[in-house]
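A.B. asks: Could you have a look at this structure, given as structure tokens, before my questions?
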């Protein structure tokens, strides 16, 4: 399998076709279709529990769908064996929600890890590459620190540098803004945009931060109840008459997406049916 | 437990054993001998072997001390107190040394390994390695597995030495047993291969079992705090029972 360049600029970078996914007996995705354009920043938004992270895990091959097909470029991820999947993953950078840095290594070693594993670069060259990646996220000075000495936002920035270490064709970000202070939040947003512009890679960002999306994303897709309910340029999505999109973007508690998890009638549950007396 | 529940429990246990066996084969099959792997294995030998020395040495000394005390007391009633080193040597080298070392190792290092790998699973560190196209089994499991297999026999030697020291302290130092008689009896009754060698063979087998179960329970831990707690508990229970069972099987085979 040739994986020298997995993204073709003339075709969608990622395609999910009719994906169905059931997890722990619950239908998470049903007839899910999505196309992520190459060379752009695309955001997937949706309420908590709408299956956004499941989509990311399907793209990276961590989960197998119950039905449907998933393509990265023209490679069908579901058809790959373990070795082929590892080959493809070398072209994908993934930023997990909490950064997931290895805690027994310094930031420098964390960023150097994929380079040491997958390349035969001499150590002095690896050192230069790592320092450049850390400089890009503003943490060159923290190279010798351990992850437990850093704040959550800094950990995520180091993890971004690690994800970028192999110069991937595709970057996937899982909730990169969760729990960040306004300065870190704006910095991470700018960083995603810069990486996309400077390196020209395709980026897919999973988030529910409506305010930030329009600042860095070229496209946004909103998903709810296991499907994509709307896709387009972020600023134009608000003009869409779709009730689900409207509810999500305006943060309304009442609408097609229920705020409450299904439960028995509250009055009956709290007051009982009078048998206590 | 009714019949159906017993059946289900048995199926579950056999399935788990099968999974654990496949896991061990996978971990051993992809064994590599690069500069990194040797370095990481030595680092793990330090963490789980060298750092277990204190508990092994203390336990060994006191086990030797109390065993000699009880044996000497019993043998003295028959006027055979001088033969204490015969009993001490045989019981220690063939049985107590390897068994107690493996059980202490499970409590000190096995739990640490299971908790470490379980926490790596819970904090997505193993997922991160997978997503970078790095074989987490090769990177995380193999060095710890090998380190355990190396550490347990060496710790057994240390345990035996310290227990013998405890025996000498009590028998020669406190009870006044003649040193020449003590060492002479020990030398005459303990065979290098059939007793000492058999014990060391057991130690290697226990090392495989103890480190295998530790990495397996850590690897399969649910990514929650409760899951990690269960993994450490299961490591101690499963290792202790497996070691005692295996000790009986190996002893019977070596008769």
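Every number in this text was worked out from the coordinates using simple rules, so none of it is lab data. Computed from a prediction, not measured in an experiment: that's the story for all the values here. When we count neighbours, we look across all protein chains shown, and the Cβ atoms used for this are built from the backbone with ideal geometry, even at glycine.
A.B. asks: Using a 7 Å offset from the Cα along the Cα-to-Cβ direction at both residue A:48 and residue A:82, what is the distance between the two label points in nm, to one decimal?
C.D. replies: Here the answer is 3.6 nm between the modelled labels.
A.B. asks: Could you tell me the center-to-center distance, by alpha carbons, between segment A:1-69 and segment A:88-105 in angstrom?
C.D. replies: Comparing the Cα centres of segment A:1-69 and segment A:88-105, I get a distance of 18 Å.
A.B. asks: Where in segment B:137-161 does the amide nitrogen come within less than 18 Å of the point 7 Å from the Cα of residue B:31, taken along Cα to Cβ?
C.D. replies: B:137-154
A.B. asks: Residues in segment A:74-98, backbone N under 18 Å from the label point at residue A:105 (7 Å along the Cα-to-beta-carbon vector): list them, ranges by number please.
C.D. replies: A:86-87, A:89-98
A.B. asks: Using a Förster distance of 45 angstrom, determine the FRET efficiency expected from the C-beta separation of residue A:131 and residue B:180, and round it to 0.05.
C.D. replies: On the way: r = 68 Å, r/R0 = 1.51.
Computed FRET efficiency for residue A:131 and residue B:180: 0.10.
A.B. asks: To the nearest 500 deg cm²/dmol, what mean residue ellipticity at 222 nm is calculated for chain B from DSSP H runs of n ≥ 4 alone, each contributing -39,500 (n - 2.57), summed and divided by the residues? Display every interim value, and only then the final one.
C.D. replies: Working: 11 runs with 187 residues, N = 255.
Calculated at 222 nm, the ellipticity per residue is -24500 deg cm²/dmol.
A.B. asks: Along its three principal axes, how long is segment A:72-130 when you only count alpha carbons? Whole Å, largest extent first please.
C.D. replies: Extents along the principal axes, in whole Å: 37, 29, 18.
A.B. asks: Another question, then. Return the percentage of antiparallel bridges among DSSP beta bridges fully within segment A:143-277, rounded to the nearest 5 %.
C.D. replies: 50 percent
A.B. asks: Related question: Distance between the C-alpha centers of segment B:170-191 and segment B:80-124? Whole Å please.
C.D. replies: 26 Å
A.B. asks: Suppose the Debye formula is applied to equal point scatterers at every Cα of chain B; what is log10 I(q)/I(0) at q = 0.13 Å⁻¹?
C.D. replies: -0.85
A.B. asks: Would you please give the FRET efficiency between residue A:31 and residue A:167, computed as 1/(1 + (r/R0)^6) with r the Cβ-Cβ distance and R0 = 51 Å, to the nearest 0.05?
C.D. replies: About 0.90, to the nearest 0.05.
A.B. asks: Rule-of-thumb check for the protein assembly as shown: C-alpha Rg over 2.2 N^0.38 Å?
C.D. replies: 1.26
A.B. asks: Turning to a different aspect of this structure: Give the shape of segment A:11-92 as rounded, prolate or oblate, defined through the alpha-carbon gyration tensor: a ≥ b ≥ c are the square roots of its eigenvalues, a/c under 1.5 means rounded, and otherwise the shape is prolate if a/b is larger than b/c and oblate if not. Display every interim value, and only then the final one.
C.D. replies: Details: a/c = 1.74, a/b = 1.23, b/c = 1.42.
Oblate shape, in that a/c is at least 1.5 and b/c is the bigger or equal ratio.
A.B. asks: Okay, next question. Report D for chain A in µm² per second (integer): Stokes-Einstein, Kirkwood Rh on Cα pairs, 25 °C, 0.890 mPa s.
C.D. replies: The estimated diffusion coefficient comes to 122 µm²/s.
A.B. asks: A follow-up question, please. With a 10 Å Cβ neighbour count serving as the proxy for reagent exposure, in which order, fewest first, do A:201, B:180 appear?
C.D. replies: Listed from fewest to most nearby Cβ atoms, that is B:180, A:201.
A.B. asks: Moving on to the next point. Treat the count of other C-beta atoms within 10 Å as a stand-in for reagent exposure and order A:40, B:202, B:32, B:94 from fewest to most.
C.D. replies: By the 10 Å Cβ count, ascending, the order reads B:32, A:40, B:94, B:202.
A.B. asks: Starting from the Cα of residue B:248, step 7 Å along the direction of its Cβ; do the same at residue B:12; then give the gap between the two resulting points in nm.
C.D. replies: Here the modelled spin labels are 2.3 nm apart.
A.B. asks: So between residue A:268 and residue A:69, what do we pick up on full extension, going 0.36 nm a residue minus the alpha carbon distance? Intermediate results must be reported in sequence, preceding the final value.
C.D. replies: Working: separation 199, 0.36 × 199 = 71.64 nm, distance 4.53 nm.
In short, 67.1 nm is gained.
A.B. asks: Another question, if that's okay. Can you bin every Cα-Cα distance in segment B:1-42 into 10 Å intervals starting at zero and give me the percent of pairs per bin, rounded to whole numbers?
C.D. replies: Reading upward from the zero bin: 25, 27, 20, 15, 11, 2.
A.B. asks: Turning to a different aspect of this structure: Take every DSSP beta bridge whose two residues both sit in the protein assembly as shown, then give the antiparallel share in percent to the nearest 5.
C.D. replies: Restricted to the protein assembly as shown, the bridges split so that about 50 percent are antiparallel.
A.B. asks: Can you sort A:231, B:33, A:221, A:78 so the residue with the fewest Cβ neighbours within 10 Å comes first?
C.D. replies: Ranking A:231, B:33, A:221, A:78 by Cβ neighbours within 10 Å, fewest first, gives B:33, A:78, A:231, A:221.
A.B. asks: A follow-up question, please. From the gyration tensor of the Cα coordinates in segment B:109-255, what semi-axes in whole Å does the equivalent ellipsoid have, largest first, with each one equal to sqrt(5λ)?
C.D. replies: For segment B:109-255, the semi-axes come out at 40, 16, 14 Å.
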